[in-house]
1. Exposure proxy check: A:GLU468, C:GLU109 ranked by fewest other beta carbons within 10 Å?
2. A:ASN98's amide H: which non-local residues (gap 5+, or another chain) put their own amide H closer than 5 Å, with H modeled 1.01 Å from N in plane and none for Pro or chain starts?
3. Order these by the 10 Å Cβ neighbour count, fewest first: A:ARG339, A:ARG414, A:ARG450.
4. Please report A:THR108, C:THR9 as a ranked list, fewest other C-beta atoms within 10 angstrom at the top and most at the bottom.
5. Once both labels are modelled 7 Å past Cα along the beta-carbon direction, what's the A:GLU516-A:SER7 spacing in nm?
6. Given a Förster distance of 22 angstrom, what is the FRET efficiency for A:LEU210 paired with A:ASN128, based on the Cβ-Cβ distance and rounded to 0.05?
7. Let me confirm one metric for peptide A:218-225, namely the mean number of other chain beta-carbon atoms within 10 Å of its residues' beta-carbons.
8. Taking 0.36 nm per residue of sequence separation and subtracting the Cα-Cα distance, how much length would be gained by fully extending the chain between A:SER569 and A:TRP111, in nm to one decimal?
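Coordinate-derived values only; no laboratory data. Quick caveat: nothing in here was measured; it's all calculated off a predicted structure. All Cβ positions, even for glycine, are placed from backbone atoms using ideal geometry, and neighbour counts span all protein chains on display.
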Amino acid sequence: MATTTMSEFRVDPVSGLKINRTANTLVKVNAFAAIVFLLVGGLFGIGVALTRMPGVQLLKPELFYMFLTAHGIVALMVWIIFFEMAVLYFLGAHLLGNRLATPRLAWTQFWLMIIGAAITAVAILQGNSSVMMTSYVPLQAAPHFYLGLILFAVGALIGCFVFLGTLVVAKEEKTYTGSLPLVVFGGVTATVIAIFTIASGALILIPTFLWSLGLISQIDPMMYRVIWWAFGHSSQQINVVTHISIWYLIASLVFGAKPMSEKVSRGAFLLYILFLQLGSVHHLLADPGLSSAWKIFNTSYMLYLAVLASMIHGLTVPGSIEVAQRKKGLDTGLFTWLRKAPWGNPVFSGMFMSLIGFGFIGGITGVVMSVEQINMIIHNTMYLPGHFHGTVVSGTTMAFMAVTYYLIPVVFQRKIALGAIAKLQPYVFSIGGAIFAISLMGAGTLGVQRRHADISFAGQPLAYEYPEIAKGLMSFGEIGGIVMALGATMFIIVVLASIFTGERIAEDAKPWPKVEDADVVFEKTGKKHVGTGGFEAPGTFVLAMVLFVTLVLYYFINFKYLSSVWSMS
Amino acid sequence: MSEPTTSSEKRHVMQLVLDDNMLMLFLAITVPTVFYTLWGIMEVITIPMAK
Amino acid sequence: MGTSYTPPTNPDWWREPIERTELLWIVISFAWCLFMFGWMIAWHWIGNQNMNNEAYKTTVEVYTKKVDDQLAKYTVRKDEASGDDVVAPPPGSDVYLLGMQWQWRPILELKKGQTYRLHLSSKDVVHGFSLQPENINFQAYPGYEQVINITPNKSGTFSIACGEYCGGVDAMGHHTMLGRIYVKE
Ligand SMILES: [Cu+2]
């Protein structure tokens, strides 16, 4: 068959989705670039971990600061945003049986991000740009450090508009009717937050670039931090929204679950759109001269409404799984639905580990540390890297890995190779991440400062010695970091083996069996209700209350500790 | 579409709001710009000079 | 019927009732959210550890002069460990601390239970004041001067590390930036 007659769309035998070939290529290249950068970022991370381990201290300080800068930018920005681009195109095109609005602009997105990331990487490796990811002025990096970031951000911004344009196309060409699917609405939420985020980044990085060229004489360091964090923190909020959308997606894919309530889930996303980005202030709570009114209003996302939204998603996702499982016959006891879940399927196990990791590690600590006063005993300690590895590694990265196991057959048209490794991978990665995050938060609570090449202050006349237990926690935590890196390596090996050597899935292959819709199964049983006591998801409710009690206890423990330190007013 | 377009008038207003992507974009930009960025910049600007 | 990745099956989904599990959870969560919001405000009155919003714009010259005046007036000795000046300003007075690449100066000597107006600023880049082992952390900027009323409630030797990455080479840098506060009974 000549290529000219090859149709623009194929019907995927694995998912049943109608897939646009061009869109599919863009999902592929962005996901592939993401995974390559995950590898790069991970390697720098190993260098960081082995240096922070007391007694090992692999890298000399100068090299350590370079590694830490590279790790932050590559792992926190490049890997994640490339993957998010792949997710957006998948949501806008694949899920809606749609084409991409402007494939040419989508390619511009891809190449700008590649070129931008490469330029910044070169700047960092040249050694004069070890300013950390945050690059607070007046510390100065080489001009191309900022230039690369700007190009990368512009690329991402283009990607956001391609996604929004793609949704317009879907509506006009009527590839769906009614409201967008919930998961795609999650994509809209991530995108609109991303547009604010990137605009903020441009607002501060462009002047900083001009300053590094000597065209602007000075940038106010506090103004820099206020605006930079509208970019830096909000970019992490994009991750949260994206991985929560992936949770919803996987719940439906694996269990045939439907959202417990469209209204509640979409309402929660709306709370994100309105308030999540106010959390940028979390980084400025220990700063001079900014009023408590501004801090409290923003740090609480106005009455903690974005926290409420996260708590809602945290319940509705497992809740929808529980309801589906019960409808499919596992309607006994509190946790039968969970025990009988497919724990050997990395799409599910990865998603569930992400849910638990993000909720219990990233979520609870995030709420507590962002209290205006508690922040004083946490700000810039090792607690921070502990916390945000709980969100970005245990939460976001784990969810992205889980969905990748689904995307490989659908998008790359290959079966997963090395299934035995894939099966174990989510556990290795999550357990490593949990050990890392919890230990570092412990060390941070005991005072260990972040971004230090040598926490022993060796050779300094005024040296301070951290408690032994803090050093022990650093060692233990970094062992967790190595386990986490092992988990990431397993993931990368599985992905590369699958997409290069995995068994091909022919386009005209027999359709894979579809996961049954839980409601369809339930109708056949003739029963009316699931759950107990009028609660459709009692097990999830119990789990949610465990989270709630943990949060409340941890909140007051921190206030107890705060009340014991020097008085300040 | 199988439904007549007029049916959207009977939809709850919140549903119409949530279905409007451009409105979502507008809110996602203006709310943090006003409460975080502009208010924050005002905070920095209004710090008095040291004696 | 339906999934999260297909349009809602009920075209009028906003009017669907909310299931009991969700509803109860939303009520509990929202109540806790309101409590946390109120508690954070209340701590400004019921708690003894709060941020002071007092701050000024300044310049490196003006602030350094304040530090130098304080050194001239209140220096009591050289520190045994480092040989740096130790100042002991009287209780209730203004105490000026300056962060710079890569030390905190001067070394302070304070009295337990007494309140001081601690001023913080930086000479060059952004630093972090990190008091150990209390683990109290503030940001210190060049061009800005923050005032915190501190009351040490314990005596002993306290270290100040740097909480914000401030550059450096192998021998010296962010990881060697230290200062000290002695608190006497
Ligand atoms: Cu410093």
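1. Going from sparsest to densest Cβ surroundings: A:GLU468, C:GLU109.
2. Correct list: A:ASN20.
3. Values: A:ARG339 12, A:ARG414 19, A:ARG450 24.
Least to most surrounded, the residues fall as A:ARG339, A:ARG414, A:ARG450.
4. Details: A:THR108 16, C:THR9 13.
In order of increasing Cβ crowding within 10 Å: C:THR9, A:THR108.
5. 3.0
6. Efficiency computed from Cβ-Cβ geometry: 0.75.
7. On the way: counts 1, 0, 8, 8, 13, 4, 2, 6.
Whole-number average of other-chain Cβ neighbours for A:218-225 is 5.
8. Working: separation 458, 0.36 × 458 = 164.88 nm, distance 5.14 nm.
Result for the pair: 159.7 nm of gain on full extension.
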